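Notes follow once the structure below has been shown.
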Amino acid sequence: MRTLIAGKWIVGWNGKSHTLIPNGVVVFEGQRVLYVGQSFEGRVDKRIDAAGKLVCPGFIDTHVHSGHRASHRLISDTGRPLYFGQPFLEISVPKEGKTVSGDPRYLKPGDKELNAALELNATFTTVELLRNGVTTFVEFGSNISVQKALLEQLKRLGTRAYLGPGYDCGRWVGDSKGRLRRILDPEGGLRGLKQAVEFIREHDGACDGRVKGILVPREVETSTIELLEQTLLHADKLRVPMATHAAYSVLEFHDIVREHLMTPIELLHKIGMLRPTLNIGHGNFIAEGPNLNYSGGHDLQLMGHAGCSISHCPINIARRGRILNDWKSYRDAGVNISIGSDTYPRDMIMNMRTASLMGKIVGQDYFKAPASEVFEAATVGGARSLGRDDLGRLQEGSLADIVIIDFQGRNSLRYGPVRDPIKSLVECGVGDDVDTVIVDGRICMERGVIPDVDVSRLAADAQAAGEAIWSTLQDWDPCGRTAEQASPWSFPLASAG
Ligand SMILES: [Zn+2]
């Protein structure tokens with residue numbers, strides 16, 4: 001079937017960069033784009049009227065941790081300074097012998113609520129991403145049950161994703177003072193890698209090619225050199241991309257320097273992992289960073305020379321008082337910047353705006369991190385990190401992953417007069433402005449409606465799951481705090497009566 005979309009603005013591709021086509025059309029047939037331009041004279045079977053709207057490539061979210069992220073709500077505007085803002089140390093490290101209650105990533109097979117929780121988390125993640133115009137996402141290292149649950153939802157909802165169970169050589173536990181201790185398990189890391197390789201062998205190319213594999217040793221500091229070397233070996237054999245958290249935390253930076261006498265980026269360089277298809281999450285604590293007081297570093301040069309990719313998650317790091325220092329230096333060095341959400345909200349448009357504003361503020365220069373560059377990062381930047389030249393752009397032959405964005409949806413006046421659609425989108429847009437999403441030539445969401453998904457039910461289920469996590473914090477928090485103690489209300493609760 002051949003479908004034509006006629007829009008007020010089309011974002012095309014000239015071989016080097018996006019282009020803006022006023023009053024243009026996109027035609028796709030099967031999985032692929034057939035034509036992008038001013039007008040199309042050939043036969044079409046279906047027409048989609050996007051008058052007044054923007055038609056652009058689907059977004060690529062390169063940093064997704066599956067789930068509703070309810071535990072992360074406990075660290076809004078609060079936390080413990082001893083972790084230097086690192087979110088997962090705040091709310092994902094349970095008391096020794098306990099698990100984070102209500103989160104299926106920490107439940108063991110056999111737990112009776114496991115399957116329902118897995119399904120809810122996978123559905124919530126996939127639907128939230130779809131609702132926000134994300135047509136491809138990268139899951140960043142959740143366990144195999146989470147990956148399998150996502151696979152089911154991808155089959156049903158039609159999104160494209162890179163999956164692979166994450167692995168590491170140990171986990172953190174906390175004592176009653178909040179002190180961290182790592183339980184080391186180098187053999188467990190190698191077993192995890194083996195499981196990931198088997199998962200990828202079985203599922204790479206599933207769902208007509210929408211599902212691809214990725215190898216994710218979760219963090220550099222929880223991986224042995226052997227595990228990273230083996231990961232590289234298998235990535236080459238399987239021809240898959242890799243992702244890992246590196247240069248992402250003050251503690252991790254110091255751990256690696258102490259143990260290996262080099263920075264996390266130097267370590268990845270030494271192993272030979274730096275390459276365009278290595279997605280470094282978040283890559284913002286590098287040797288040149290002014291906050292680390294590290295002398296003589298040249299991480300940016302190493303990253304740029306290798307053309308490696310970072311998943312920059314601007315909302316997530318800004319919320320913890322962190323920055324990328326800075327956007328333009330990374331671009332100038334040759335680093336490929338992609339954008340990830342990491343946690344809530346999985347809103348690529350808000351993330352683009354935050355990346356742009358952060359780039360200007362940190363660089364003290366309003367020419368930095370312009371709308372064009374953050375839009376490129378959210379589309380082709382993500383595609384490059386996956387080694388794909390058929391995603392993140394609309395041109396003849398590329399995959400038909402297309403979003404339509406409505407500047408006036410729900411009677412919004414937020415955009416005001418629109419002159420340049422990309423600048424307007426980055427400055428004024430939110431994910432809910434996404435009107436229609438097409439993945440692989442199939443309409444997955446039309447005018448905000450995703451077939452067979454009850455969004456209000458999903459929201460209610462996620463709320464209930466969140467309440468369960470918050471109300472049981474004292475059982476698994478290393479310091480035994482209640483939610484109120486860990487995360488005081490923004491204003492005092494009014495007393496009843
Ligand atoms: Zn992450």
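A few comments on the model shown:
- A rounded overall shape is assigned to the stretch 59-385, the ratio a/c of its alpha-carbon gyration tensor axes (a ≥ b ≥ c) being less than 1.5.
- Separation between Cα centres of the stretch 240-257 and the stretch 262-315, rounded to whole Å: 9
- For the stretch 190-208 versus the stretch 367-411, the spacing of their alpha-carbon centroids is 28 Å.
- Qualifying trypsin sites (Lys or Arg not before Pro) in the stretch 1-71, where qualification requires a DSSP coil assignment and no more than 11 other C-beta atoms within 10 Å, comprise 16, 43.
- Dipole axis of the stretch 59-385 (+1 Lys, Arg; -1 Asp, Glu on Cβ), positive-most option in 251, 174, 192: 174
- Dipole-positive endmost among 298, 336, 349 within the stretch 59-385 (Cβ charges, Cα centre): 349
- When the Cα gyration tensor is reduced to axis lengths a ≥ b ≥ c, the ratio a/c is 1.5 or higher for the stretch 285-413, and with a/b not above b/c it is classed as oblate.
- Normalised contact order of the stretch 407-497, rounded percent, pairs of Cα under 8 Å and 6 or more residues apart: 12
- Each helix, a run of at least 4 DSSP H residues, gives -39500 (n - 2.57); summed and divided by the residues of the chain, these come to -10000 deg cm²/dmol at 222 nm.
- Over 22 Å apart at the Cα level, from the set 8/423; 8/360; 155/194; 53/423; 16/53; 270/368, are 8/360; 155/194; 16/53; 270/368.
- Relative contact order, percent, the chain [alpha-carbon distance under 8 Å, six or more residues apart]: 20
Bear in mind that the values in this text are calculations on the coordinates, not laboratory data. Keep in mind that what you see is a predicted model, and the values were worked out from it rather than measured. In this analysis, Cβ positions are derived from the backbone assuming ideal geometry, glycine residues included, and neighbour counts consider all displayed protein chains.
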